[in-house]
Amino acid sequence: MAGLPRIRIIDSHTGGEPTRLVLEGGPALGGGPLAERVGRFREKFDAWRTAIVNEPRGSDTVVGALLVPPHRADCQFGVIFFNNVGCLGMCGHGTMGLVASLRHLGRIPPGKVRIDTPVGAVEAELHAGGEISVGNVASYRQAANVALDVPGVGEVRGDVAWGGNWFFLVAQHGLALDLANLEQLTDYTRRIRQAANQQGFSEVDHVELFGPAAQAGASSRNFVLCPGNAYDRSPCGTGTSAKLACLAADGKLAEGDAWVQESVIGSTFSGRYRWLDRAKGEVAPTITGTAFVTAEGVQLLDPRDPFCWGIR
Ligand code: PYC
């Protein structure tokens, strides 16, 4: 039908995790710092979020990326990330998807690009070979070896860390990080998130389990529960940043050394960090991976459709 509101999108995936970039036709959030604009997105335009990423147009795993003009003068682009349950602070795989999509459209050449986000500026680099590095926001561990009493599980110990989103990171769990075990992994991490939220860490919305890597050359394998109940198919850029902050704080990874994080589906990111402030435990992580464009399209908002604004 002619005249329907149209949202122009480009889809990509990064290590298996999808990103849906909104190029045109998204909600008009006005100007100002991105932290303010994401607030307006949450309060006034939530139906746009669900229309774009939820079923029937999307799924629980799709991360949306709304391309907006930057506020910071040193940035070329601005982006607001969101998913099936709300908005994200930053998104590592999503930034790689954004860069791959901009490259696909001919809007950026190989090289560096600065991107404004609600939690700070990030610097991405598109390498000549197609890999993308993301210089993420300052990351740090907030609390180490926290003991949670997890109903139905017992005591679980882990670290609370910021990598552009909040994580509870657990190394000792006794579970196989395997796709065959998805139901158990999802149930276990949901219980941990609920316990963390009730026991002093209301900000935690991602839970990350670590185990031995399956492939040669990788440092570790992870399973990451995203804020809804979907798991991250990629190794999670913000989660790997949070992990690097913990490794740095524990003296387990030297500045500049590589940490190769494998996801539960076997895709990998390579991460390194640089110290920003040793006293505060703040590091600047750089995460490198690859993203591929999978589709270009236009979403139509038909007011006659009872699920025009997504299944909420
Ligand atoms: O790569 O940072 C990330 C991310 C967050 C949620 C899903 N992926």
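The values are calculated or read from the model by the stated rules, or taken from the named source; none is laboratory data. Given the structure is predicted, the values throughout are model-derived calculations rather than measurements. Cβ sites come from the backbone with ideal geometry, for glycine too, and all protein chains shown count toward neighbours. Note: areas computed on protein heavy atoms with side chains; ligands, DNA, RNA excluded. Shrake-Rupley method; radii C 1.70, N 1.55, O 1.52, S 1.80 Å.
Tabulated data for the structure shown
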quantity	calculated
Nearest-0.05 FRET efficiency for Ala254 and Val298, computed from C-beta distance (R0 45 Å)	0.40
Gain upon complete extension [Gln215, Ala28; 0.36 nm per residue less C-alpha separation]	62.8 nm
Those GluC sites (Glu not before Pro) in the range 90-160 that DSSP places in a loop and that have at most 15 other beta carbons within 10 Å	Glu131
Whole-number D in µm²/s for the range 145-207 (Stokes-Einstein; Kirkwood sum over Cα pairs; 4 °C, 1.567 mPa s)	109 µm²/s
Accessible area in square angstrom per residue, the range 106-172, 1.4 angstrom probe	41 Å²
Those chymotrypsin sites (Phe, Trp or Tyr not before Pro) in the range 216-272 that DSSP places in a loop and that have at most 10 other beta carbons within 10 Å	none
Accessible area of the range 92-147 belonging to carbon and sulfur atoms, whole % at 1.4 Å probe	44 percent
Computed Rg/Rh of the range 110-191, alpha carbon atoms with Kirkwood Rh	1.12
Under 13 Å, Cβ to Cβ, from Val293 - net charge with Lys/Arg +1 and Asp/Glu -1	+1
Segments 68-74, 82-88, 36-42 sorted - mean Cβ within 10 Å per residue, highest first	82-88, 36-42, 68-74
Overall form of the range 16-151 per C-alpha gyration tensor (a/c, 1.5; a/b vs b/c)	rounded
For the range 249-290, alpha-carbon Rg over 2.2 N^0.38 Å	1.28
Convex hull of the chain built on C-alpha atoms - directionally averaged projected area, nm²	16.4 nm²
Segment Asp187-Asp60, length gained on full extension (0.36 nm per residue, minus Cα span)	44.1 nm
Centroid-to-centroid separation of the range 62-78 and the range 140-195 [C-alpha atoms, Å]	31 Å
Cα-based helix-to-principal-axis angle, 182-198 vs the chain, degrees rounded to 10	80 degrees
Highest to lowest packing among 251-258, 189-196, scored as the average C-beta count within 10 Å	189-196, 251-258
Cα pair count fraction exceeding 17 Å, expressed as % - the range 164-248	43 percent
Structure-based [θ]222 nm, the chain - -39500 (n - 2.57) summed over DSSP H runs of at least 4, per residue, nearest 500	-6000 deg cm²/dmol
20 °C / 1.002 mPa s Stokes-Einstein diffusion coefficient of the range 178-312, Kirkwood radius on C-alpha pairs, µm²/s	126 µm²/s
Normalised convex hull volume, the range 1-96, alpha-carbon set, Å³ per residue	108 Å³
Cα gyration tensor shape for the range 212-286, rounded if a/c is under 1.5, else prolate or oblate	oblate
